[in-house]
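The values are calculated or read from the model by the stated rules, or taken from the named source; none is laboratory data. This one's a predicted model, so the numbers in the text were calculated from it and none came from an experiment. Because the Cβ atoms are built from the backbone with ideal geometry, glycine has one as well, and the counts that use them run over all protein chains shown.
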Amino acid sequence: MAGPSQAAHRSLNIANNKAINAVSAPKKVAVIGAGAWGTTLALHASRQGLSVSLWARRPALAERVRSERENAEFLPGHKLPAAMVVSSDPAEVVGEADTVLWVVPSHAFRDAAKLILPKAKPGAIHISASKGIEDETFSTMTSILAEESGGEVAAGALSGPSFAKEVASGLPTAVTLAFACEKTAKAVQTLLSAPVFRLYTSPDVRGVELGGALKNVYAIAAGISDGLNLGLNARAALITRGIGEMGRLADVMGANPMTLSGLSGVGDLILTATGNLSRNRGVGVRLGAGEKLSDILSGGREVAEGVRNAKSVWGLAQAKGVSLPTAREVFRVLYEGKSPRQGLVDLLTRRLKEEHPRDILSRGRP
């Protein structure tokens, strides 16, 4: 028969084991959107030992991914674990999830929110990894989640320089995770960080979201310059002046312009404006080379968010009275039939100005 000390020791071991099991028990993560980035984040979360479910809007896509254990349409060559749930049924995907990652194109985001939020677990943490601004309303994705949940959801934002293909391949990546609540930010940072996927936290949700949306427009401008063979000097100038424009709009929208100097602003802009894997830069290159936008868009499965966001960004700038000359010219090329070359000529022949750090916060028109 065990003595008092042995019984106490056994009880302590049982308590410790329960505590260890509680801490190490797989947390449930739902990913909304089975495009390249959504599938990649689901794969990454699975690699962290989390219990993951992936929502695909199209039942046929969900069935293919589920049976083949691979999203050959959007992320070929990367097998998904057998334990990952893949479904087009919102309740099956989010009903038990503690954390919900939203990775839906901006134009479809509100419809997805209307469909899925009613099925979500009360108290779940919601994070937008979508990059865009809604047309007409000019709402960010976290704003849409707040609106559609009746104020019950205070979502965070995940953004930064991150090509899905490289993250899926395990190449080093660093991004920004923004939450108004520091405790929530640190909890999610711990949950999703890995040696090859480093998360930095920020309290500036609006700034992080704006960086992710705006950089796509300026990546198209850089691509147009490359398509016209204007050289590396011109591309560097467009990127740098674009940073100033992004900061001005962020300031007016109540964000911290300095957030745009970090991973979710400058970092993402550099990647998207120069990387060969960038869909937005690719659209610009083809426009600069003389192709029609309708032909470019007709052949692609994935969305180049900058095409849609050029309209919403320019509309927002006009509504707020903010000077965004590069965004204006991208809009005119995409939506008014202006030639790419003429757009860049008009941009480069504006009146001469002084460059000064305070220009980032200048709201005056050129």
Fill in: Near pairs, Cβ below 6 angstrom, 6+ apart or cross-chain, from region 101-123 (touching a residue at least 12 places away in the same chain (Cβ under 8 Å) and in the same structural domain as A42 (by TED's automatic domain parsing)) to any residue that is assigned to a helix (DSSP H, G or I) and among the basic types (K, R)
H107/R308
Discussion item. Just to be sure before I move on: is G170 without any contact (Cβ under 8 Å) to a residue 12 or more places away in the chain, over 21 Å from K215 (Cα atoms) and surrounded by fewer than 16 Cβ atoms within 10 Å (Cβ to Cβ) in the structure I sent?
Written reply: no
Item to complete: Return the residue satisfying two criteria in turn: it lies in region 90-116 and is assigned to a loop (DSSP other than H, G, I, E, B) and in contact with a strand residue (DSSP E or B) (Cβ under 8 Å, 6 or more places away or on another chain), and of such residues it is surrounded by the most Cβ atoms within 10 Å (Cβ to Cβ).
Response: V103
Worksheet item: A234 versus (1) surrounded by fewer than 20 Cβ atoms within 10 Å (Cβ to Cβ); (2) part of a loop (DSSP other than H, G, I, E, B): which is the lone unmet condition?
Response: (2)
Practice prompt. Would you check if there is a residue in region 292-301 being in contact (Cβ under 8 Å) with a residue 40 or more places away in the chain and loosely packed, with under 14 Cβ neighbours inside 10 Å?
Written response: yes
Worksheet item: Going by the structure shown, is E182 over 14 Å from the mean Cα position of the chain (by Cα) and modelled with pLDDT of 95 or more?
Response: yes
Worksheet entry | Hits in region 131-150 - residues which are among the aliphatic types (A, V, I, L, M) and without any contact (Cβ under 8 Å) to a residue 12 or more places away in the chain | A146
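Inspect all residues belonging to region 319-342 and state whether any of them is in a loop (DSSP other than H, G, I, E, B), under 22 Å from F74 (Cα atoms) and in the same structural domain as R235 (by TED's automatic domain parsing).
Restricting attention to region 319-342, the residues satisfying the condition of being in a loop (DSSP other than H, G, I, E, B) are 321-324, 336-339.
If we keep only those that are under 22 Å from F74 (Cα atoms) as well, we get none.
Looking through region 319-342, none of the residues is in a loop (DSSP other than H, G, I, E, B), under 22 Å from F74 (Cα atoms) and in the same structural domain as R235 (by TED's automatic domain parsing).
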Discussion item. Report every pair of residues separated by at least 6 positions or lying on different chains whose Cβ atoms are under 6 Å apart, first residue within region 70-98 and β-branched (V, I, T), second assigned to a strand (DSSP E or B).
Written reply: V85/S53; V86/L54; V93/A30; V93/S53; V93/W55; V93/S87; V94/A30; V94/V100
Item to complete: Give me a count of the residues in region 173-199 that are among the basic types (K, R) and in contact (Cβ under 8 Å) with a residue 24 or more places away in the chain.
Response: 1
Discussion item. Of everything in region 263-280, what is surrounded by fewer than 21 Cβ atoms within 10 Å (Cβ to Cβ) and assigned to a loop (DSSP other than H, G, I, E, B)? Give them in sequence order.
Written reply: G275, N276, L277
Discussion item. When you check V283 against the structure, is it buried (at least 21 other Cβ atoms within 10 Å of the Cβ) and more than 30 Å from R341 (Cα to Cα), yes or no?
Written reply: no
Worksheet item: Quick one: is A310 assigned to a helix (DSSP H, G or I) and over 15 Å from G132 (Cβ atoms)?
Response: no
Worksheet item: Can you find even one residue in region 160-173 that is acidic (D, E), within 17 Å of G207 (Cα to Cα) and more than 14 Å from the chain's Cα centre (by Cα)?
Response: no
Discussion item. Tell me whether region 284-300 contains one or more residues that are in a helix (DSSP H, G or I), of a type in the set (A, V, I, L, M, F, W, C) and either under 14 Å from A219 (Cα atoms) or not assigned by TED's automatic domain parsing to the domain that holds G223 (or both).
Written reply: yes
Worksheet entry | Members of region 36-56 that are outside any helix (DSSP H, G or I) and of a type in the set (V, I, T) | V52
Practice prompt. Scan region 281-301 residue by residue and report those that are over 20 Å from the mean Cα position of the chain (by Cα) and of a type in the set (K, R).
Written response: R286, K292
Worksheet item: Is it the case that P325 is under 16 Å from I220 (Cα atoms), at pLDDT 90 or above, out of contact with any strand residue (DSSP E or B) (no Cβ under 8 Å at 6 or more places or on another chain) and crowded, with 22+ Cβ neighbours inside 10 Å?
Response: no
Worksheet item: If you go through region 142-174, how many residues are closer than 13 Å to H126 by Cβ and assigned to a loop (DSSP other than H, G, I, E, B)?
Response: 6
Item to complete: Confirm whether T240 is outside the structural domain of S339 (by TED's automatic domain parsing), among the polar types (S, T, N, Q), assigned to a helix (DSSP H, G or I) and more than 16 Å from the chain's Cα centre (by Cα).
Response: no
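Those residues that are outside any loop (DSSP other than H, G, I, E, B) and over 30 Å from L316 (Cβ atoms), I need them from region 193-213; list them, please.
Matches in region 193-213: A194, F197, R198.
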